[in-house]
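K.L.:
Structure in structure tokens, see below.
The values are calculated or read from the model by the stated rules, or taken from the named source; none is laboratory data. Small disclaimer: the values here were computed from a predicted structure and weren't measured. Cβ coordinates were reconstructed from backbone atoms using ideal geometry, including for glycine residues, and neighbour counts include every protein chain displayed.
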Amino acid sequence: MIQPMRSPILLVILAAVAVAALAPYAQADIVTVAPPGSNVPDAVTDLDALFATLPEGSVVQFTPGRYELLPKPYLEDLCGNCPEESTQVVATVGLRITGRGIWLLGPIDGEAVIVTNAGYGLLFDDCRSCNMEGLTVTGGVRDSSANATDAGVVVKRSSVSITNCVIRDNIGDPAMVAKTVVGIMGIAGREGSVMTIRNNSIIRNSWDGIGLYRHAQATIEGNLIDGIDLARGRELGGGRGVGIGCTWNAFARITGNLIRHYWKGIGIFVDAQATVEENVVEHVATWGISLWDAGSGRPTGNIRRNVIYDTGACGVSVVRTSPDSPPPGQFVQNILVRTGQDPRYDSGEPYCFQTALARHAVPDNFPVSANIHYLNRETRGDPGKEDVGRDDFRTRVKVVLEKLERWPRFAESDFQNDFIRPLREEAEAEARAAAAVADSLRALADSLAAPEGTAVDSLVTPPPDSLEMAPADTSAAPDSTTGG
């Protein structure tokens, strides 16, 4: 096969890119690890011994294979999600990572699967400027204490980047999960941790996809968070809990994620502050997004240009009683489609009013504007009071779609593939049909030798609006969803 020619300039550019990619490891100690029994020359197979003495700045390169961890007892004096933070918790840990500048890298070819066999699977504990990329974490075991924030990856007092990883099938034992109710999260951030969570697949875990607790901060971008089973209550399976939960005083920027098949979508609770932009939340059992003050807090939610599609209860619930600082946020340019689909929640209990936007307590300084409601269901099967018609929806949705379509996860969503794409194809078919009619009328006019100056176009019905046409400006004034 003939290879494409590359100019000297291009070769220089490619070399520069390669050097930049390897720069973080240039001065690092690179340690190759392999599962016990592997025939990898000079590879370390005892992970516990390695990480107990790992120098700062080390790069741990995992070769393909299955790594079975042994659970170790773990006692902590602070509880991540207890009303009293100073509550002692007994848990187990699979592998503890501590230090500075530690990199955990998966293989370029093949898969490195870490089976943690513990509640706190991989625990980043006092690990500064640490990174984890290209690994699969699975096989968590639920701890007996309901206060343990079990997760495939737990981050405490650390700054960690988690990128291009798969965190899946951390389910736990049925009897233990039934006892504790809480299951195993994908990722848990705690105690002042600063995290970047980008482009991961967090799939079929038995509690929150991502949970952020006291003093945790995170950028959560471009992830797939899929519960698969959409399990509820004490039922064992994936999707119990919240897709992304921010509570106590956590801080997060949540953008471009796809969250589906969960009990609940994105939650901003107590005193948490979050910017939630351009995500898709679909196929959730109850609400899609919730801003909830828990009766005493002052959460902030800047919620803009998200899709909430196919929910059992309300699309969005707002409970923010106090107008005081910090500002409560805003709810602007969101798309709410097919919410309130489960009649079991028509009473409004235990979650929210059965309507697309449940305004339980909305301060005057929480703007609600330019949102788009379509095909929603309310109590007794009534249509959504703020729903727009099909043509209005097709016109107004385009300005938001332009923002959403830059995110790769949007293309994976059922909202795009099962709802927007057919709607777009329908609009395009109508436009083609109208154009064909126009051509036929013009041909007929020509055959009748219409006198010069006859306005043939006046005989033609203009084509219906298409999703590809220029967007209408809906941001200039609030629509009927204004909270005040």
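K.L.:
What number goes with the only condition from (1) under 22 Å from residue 118 (Cβ atoms); (2) in a loop (DSSP other than H, G, I, E, B) that residue 189 does not pass?
P.N.:
All conditions pass for residue 189, except number (2).
K.L.:
Still on this structure, I have one more. Looking at 339, 321, 379, which is the one that is within 15 Å of residue 281 (Cβ to Cβ) and either touching an Asp or Glu at 6+ places or on another chain (Cβ under 8 Å) or free of Cβ contacts under 8 Å to residues at least 12 places away in the same chain (or both)? So that I can check it myself, show each step before the final result.
P.N.:
Numbers: 321 fails: within 15 Å of residue 281 (Cβ to Cβ); 379 fails: within 15 Å of residue 281 (Cβ to Cβ).
It is 339.
K.L.:
Right, next: Scan (1) crowded, with 22+ Cβ neighbours inside 10 Å; (2) among the small types (Gly, Ala, Ser); (3) over 18 Å from residue 187 (Cα atoms); (4) at pLDDT 95 or above for the single condition residue 252 breaks and write down its number.
P.N.:
(3)
K.L.:
Oh, and also: For the stretch 27-50, which positions are acidic (Asp, Glu), within 17 Å of residue 69 (Cβ to Cβ) and in contact (Cβ under 8 Å) with a residue 12 or more places away in the chain? Explain how you work it out, then say what you get.
P.N.:
Let us first name the residues in the stretch 27-50 that are acidic (Asp, Glu), namely 29, 42, 46, 48.
With within 17 Å of residue 69 (Cβ to Cβ) added as a condition, the list becomes 46, 48.
Across the stretch 27-50, the qualifying residue is only 48.
One line per residue, one yes/no per condition, for (1) in a loop (DSSP other than H, G, I, E, B); (2) under 18 Å from the mean Cα position of the chain (by Cα); (3) not β-branched (Val, Ile, Thr):
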site: 253; (1), (2), (3): no, yes, yes
site: 274; (1), (2), (3): no, yes, yes
site: 281; (1), (2), (3): no, yes, no
site: 286; (1), (2), (3): yes, yes, no
site: 291; (1), (2), (3): no, yes, yes
site: 323; (1), (2), (3): yes, no, yes
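K.L.:
Please go through the stretch 116-134 and give me each residue that is buried (at least 24 other Cβ atoms within 10 Å of the Cβ), more than 22 Å from the chain's Cα centre (by Cα) and of a type in the set (Ser, Thr, Tyr), ordered by number.
P.N.:
Within the stretch 116-134, 116 is the sole residue that qualifies.
K.L.:
Of these, 385, 403, which one is at pLDDT 95 or above, at negative phi and more than 21 Å from the chain's Cα centre (by Cα)? Don't jump to the end; show me each part of the working.
P.N.:
On the way: 403 fails: more than 21 Å from the chain's Cα centre (by Cα).
Answer to the check: 385.
A quick yes/no check of all residues on (1) buried (at least 23 other Cβ atoms within 10 Å of the Cβ); (2) not polar (S, T, N, Q):
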site	(1), (2)
141	no, yes
146	no, yes
166	no, yes
171	yes, yes
185	yes, yes
189	yes, yes
204	no, yes
212	yes, yes
217	no, no
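K.L.:
Could I ask something else about it? With (1) surrounded by 21 or more Cβ atoms within 10 Å (Cβ to Cβ); (2) part of a loop (DSSP other than H, G, I, E, B); (3) small (Gly, Ala, Ser) as the list, and residue 358 as the residue in question, which single condition is left unmet?
P.N.:
Among (1) surrounded by 21 or more Cβ atoms within 10 Å (Cβ to Cβ); (2) part of a loop (DSSP other than H, G, I, E, B); (3) small (Gly, Ala, Ser), the lone unmet condition for residue 358 is (2).
K.L.:
Let me ask something additional. Under 7 Å by Cβ, and 6 or more places apart or on different chains, what pairs join a residue from the stretch 225-241 that is within 20 Å of residue 266 (Cβ to Cβ) and touching a residue at least 24 places away in the same chain (Cβ under 8 Å) with one that is in a strand (DSSP E or B) and charged (D, E, K, R)?
P.N.:
226/260
K.L.:
Oh, and also: If I go through the stretch 390-433 residue by residue, how many of them are within 20 Å of residue 201 (Cβ to Cβ) and in a helix (DSSP H, G or I)?
P.N.:
Qualifying residue count, the stretch 390-433: 10.
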